[in-house]
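Structure first, commentary second.
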Amino acid sequence: MECLLTSFPNLSGLQMAQFKELGIQYLDWNNKINLISRKDIPFLYEHHILHSLGIARLIQFRPGAEVLDLGTGGGLPGIPLAILFPETRFTLIDGTGKKIAAVKEICQTLELNNVEAFHMRAEDLKKKFDFVVTRGVASMDKLILWTARKFKTQQQHAFPNGLFALKGGNLKAEIDPLRKGHFIQLFPLSDYFKDPYYLEKFVVYVQGYT
């Protein structure tokens, strides 16, 4: 957990307790279902929880804002962001029912009252949000398609409402064809986190259409 305290030194006592309990919960649940790659469990905080919080290096979600975590899997990046922004509302959705069941149990244990989790697909969700966040879910063209018209008209952040996607690797071939129709920015997480793991990790921001 030390990597969290280094990068986010202003965590409250409650937040530190919740992040500690989150690690315990993931270790327990991973013995039942595969929420996180088992070979990567020793690096849970360094490679998964901190990675999820990379979005928070770019934007501070405001109280009352509504954020959708699309394809949340085991609750990443939604749960760590919900701990960090307790006054922001998070909706977590995924197509795998057993993972959503685990997410609900984890959030209940952590007493995260700002999180709702649903077993559903993005196209079936009618609600609109300030932002959508994702982590390793799909290619950017699919993410843009799935999140089209999922954004509120009213703006309340420095970034216009849109998508923040945590992505890795060489993204040029994936993103260049999309630039003509979309405003896209890449933010290297190596600018914020010094672990070599982040050398080819990015937050991709796409301004959304209302």
Listed residue (Val203, Ala17, Val132) projecting farthest to the positive dipole end of the range 2-207, Cβ model: Val132
Dipole of the range 2-207, positive end: most advanced residue of Gln154, Pro63, Ile33 [Cβ charges, Cα centre]: Gln154
Taking only the alpha carbons of the range 1-108, what extent do you get along each of the three principal axes, in Å, biggest first? 33, 29, 22
Divide by every residue of the chain the summed helix terms, -39500 (n - 2.57) for each DSSP H run of at least 4, and state the resulting mean residue ellipticity at 222 nm, rounded to the nearest 500 deg cm²/dmol. -8000 deg cm²/dmol
Take the alpha carbon atoms of the range 133-152, find their center, do the same for the range 1-71, and report the distance between the two centers in whole angstrom. 21
Regarding the chain, what whole-number volume in Å³ per residue does the convex hull of its Cα atoms give? 114
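Per 0.36 nm of contour for each residue apart, how much would the distance between Gln207 and Arg179 grow if the chain were fully extended, relative to their Cα-Cα spacing? The partial results should precede the final answer.
On the way: separation 28, 0.36 × 28 = 10.08 nm, distance 1.11 nm.
Length gained between Gln207 and Arg179: 9.0 nm.
Here, each number is a calculation from the coordinates, and none is a lab measurement. In this text, all values refer to a predicted model and were calculated from it rather than measured experimentally. Every residue, glycine among them, receives a Cβ derived from its backbone with ideal geometry; neighbour counts consider all protein chains shown.
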